[in-house]
Amino acid sequence: MRPQIKPISLSSDEILIELIRDSLDHLLGAGYEVVADNLPFDGHHLLVLDDKHRPVIVSCDLRDGGRALLHGLAVVEGLTGHRGMLYRLYPSLFGNDPDHRFIFRQDDARLIVLAPRRPPGGRYLHRAFPFLAIYTFQTLEVGDQVGLLIEAEPPIEESRDARVETTPPFRNGTQTLTQEEEQYFRDL
């Protein structure tokens with residue numbers, strides 16, 4: 001008998017966090033360390049160190065990708081701006097550095113956003129925040145087990161034409177006014 005696979009809805013963010021913890025190998029590979037899953041910020045987050053001891057913030061939401069993205073960006077900003085709080089709450093981020101020279105900067109952190117649908121405009125943020133990774137998930141029940149089917153959202157592909165600023169022809173002076181438009185401006 002083949003196992004039945006069916007999509008299900010989760011009723012709790014705590015269950016989602018637990019399923020994400022179980023899926024961190026898929027997101028980060030082996031050798032990661034979960035530092036905290038109860039960050040003092042709005043939303044639902046995990047603070048993780050990857051195999052190279054770099055901080056990764058995983059921000060998730062059961063329903064709204066935009067909310068997960070905004071909360072995740074707020075966590076990155078909050079942690080980068082409050083080094084003292086960061087050291088008191090999560091000394092493992094500083095490793096074996098007795099002088100506490102580790103500085104948590106935005107460039108140091110990676111932000112992973114997980115939601116059922118990608119956030120609006122999220123793919124464009126790769127330009128401003130290159131360490132942003134967006135994943136969508138679907139919760140599935142396989143037999144009597146529940147898990148996440150996680151898919152990466154690719155960053156927006158830039159073509160040569162997409163990078164060129166375009167302005168409407170009227171604004172760049174290549175188009176002349178119609179007779180009606182000329183008359184309107186003369187009558188002003």
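What follows is calculated from the coordinates using simple rules that are stated; it is not laboratory data. Here the structure is a predicted model, which is why all the values come from computation and not from measurement. For neighbour counting, all protein chains shown are included, and Cβ atoms are generated from backbone atoms with ideal geometry for every residue, glycine included.
A few notes on this one:
- Residue 74-residue 144 FRET efficiency (beta carbon distance; Förster radius 41 Å; 0.05 resolution): 0.65
- One chain, two ends: residue 11 and residue 131. Fully extended at 0.36 nm per residue, the span grows by 40.2 nm beyond their Cα-Cα distance.
- Each of 184, 87 has some number of other Cβ atoms within 10 Å of its Cβ, and from fewest to most they run 184, 87.
- Spatial separation of Cα centroids for segment 120-139 and segment 1-35, in angstrom: 19
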